[in-house]
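J.: Here it is, the structure in full.
The values are calculated or read from the model by the stated rules, or taken from the named source; none is laboratory data. Keep in mind the model is a prediction, meaning the values are calculated, not measured. Note that we place each Cβ from the backbone using ideal geometry, even for glycine, and neighbour counts take in every protein chain shown. The area values use the complete protein model at the heavy-atom level, side chains included, leaving out ligands, DNA and RNA. Shrake-Rupley method; radii C 1.70, N 1.55, O 1.52, S 1.80 Å.
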Amino acid sequence: MGKLGNLGARLHHGEVGYDFVKNRKLWYGISILITITAIVGLTVRGLHMGIEFQGGAVFTTPKNMSASVSQAETYAEDASGHDAIVQKLGDGSLRIQIAGTDTEASDQIKSQLSKDLDVPADRINADLVGPSWGDQIADKAWQGLGIFMFLVVIYLAIAFEWRMALAAFVALIHDITITVGIYALVGFEVTPGTVIGLLTILGYSLYDTVVVFDSLKEQTRDITKQTRWTYGEIANRSINSTLVRSINTTVVALLPVGGLLFIGGGVLGAGMLNDISLSLFVGLAAGAYSSIFIATPLVADLKEAEPQMKALKKRVLAKRAQAAAKGEPAQSADDEESYADEDPDDAAAAVVGPRNQPASRGRGRGRPSGKRR
């Protein structure tokens, strides 16, 4: 942990770092490939909607049943002609879900299950679930999603700027698409718990993105008054300075969710946990990825298309070329020194040529050249 903390400090101060922004086309390509795969899976396989969305019947047997889950599943599918989901509850009873059945079919299935499971029919509880309840949940979820997206865009546009709001919106759509696509590919059942999980991950994804944006906003204040770094380089510093924090928060959140998914749902067989845990697990991972590899590089692309940022980039490159021609150490994105005290005239003079030398006058005012020791 000490080494990780030391790495975080070095990343925060710019002593080490990885150029995420420079390799943004690679990340865009990976995201596009994953998103296309998710969309294809969603189109070809579709979502396996739960009984709450399709309607059907739920049968609950008495306690301490001797029949196994696999046996009960076979009996239910043979009796109904539909796929069945069977779960063994804590008291030993079985919960059998069969979608797409009506009242008449439910009575026939109950009678057949009574014979196969060797249980009196009056001890098997049958409940019919209509699809309207699930439709109401889905409608409310879509309304909540739309309101959430609208408020997020408005808040980020006010607190930061519209480019960051747009980048955050793209990242959220990216996370939702990947999560839903994986549900289609894996074939997990979509239940109200899944909907809750999808809405929950939006907050986690947005948190990581806003942390980076806040750092970027602070570091780019009065950016045009200096000639050390371009906007893309400062954006990259912002990602690196918050990288360890993002990794830590994501790992801490993934550990309990992974326990629900792999241990609770996989090892212990509590299938109901899969509905919400898969959406949380995939969404948390996708949210951390998008905040680092998608949102901030996209902001850098949008900002560097501005005339002011283009002019700044030319000045920065010109100053570095001038320094290289003189054999001086070039200022780079790895320089720790803040540009708050840099002479604004230095930026304009840097592109004039070797005949004007105001840079040396700026250094003469009590500030050494090169990196601070």
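J.: For region 128-165 and region 192-229, what is the separation of their Cα centres, given in Å?
T.: Region 128-165 and region 192-229 have Cα centres separated by 18 Å.
J.: Let me ask something else. Could you tally the net charge around residue 93, taking each other residue with its Cβ under 12 Å from the Cβ of residue 93, Lys/Arg +1 and Asp/Glu -1?
T.: Counting the neighbours of residue 93, the net charge comes to +3.
J.: Suppose every K and R has +1 on its Cβ and every D and E has -1 on its Cβ; what is the size of the dipole of region 8-130 about the Cα centre, in Debye to the nearest 20?
T.: Roughly 860 debye, rounded to the nearest 20.
J.: By how many nm would the segment from residue 66 to residue 317 lengthen if fully extended, with 0.36 nm per residue of separation less the alpha-carbon distance?
T.: Computed gain between residue 66 and residue 317 is 82.7 nm.
J.: Can you give the extra length, in nm with one decimal, that the chain gains between residue 305 and residue 252 once fully stretched, where that is 0.36 nm per residue apart less the Cα-Cα distance?
T.: In short, 15.4 nm is gained.
J.: Tally Lys/Arg at +1 and Asp/Glu at -1 over every other residue whose Cβ is under 10 Å from the Cβ of residue 114; what's the total?
T.: With Lys, Arg at +1 and Asp, Glu at -1, the neighbours total 0.
J.: I would also like to ask the following. In nm, what is the difference between 0.36 nm times the number of residues separating residue 123 and residue 326 and their Cα-Cα distance?
T.: 63.9 nm
J.: Measuring with a 1.4 Å probe in the full set of protein chains, what accessible area per residue, in whole Å², belongs to region 156-295?
T.: 37
J.: Going 7 Å from the Cα of residue 28 along its beta-carbon direction, which residues of region 283-317 have the amide nitrogen within less than 13 Å of the resulting point?
T.: Answer for region 283-317: 294-305.
J.: Next question. Heavy atoms only, probe 1.4 Å: what % of the accessible area of region 186-293 goes to carbon and sulfur, would you let me know?
T.: 70
J.: With a point put 7 Å past each Cα toward its Cβ, work out how far residue 186 is from residue 169 in nm, to one decimal.
T.: The answer from the label model is 3.0 nm.
J.: Under Stokes-Einstein, with the Kirkwood radius over Cα pairs standing in for Rh, what whole-number D in µm²/s applies to region 126-230 at 37 °C and 0.692 mPa s?
T.: Using the Kirkwood radius from Cα pairs, D works out to 202 µm²/s.
J.: Okay, next question. What's the local net charge at residue 169, with K and R +1, D and E -1, over the other residues with C-beta under 12 Å away?
T.: Around residue 169, the surrounding residues sum to 0.
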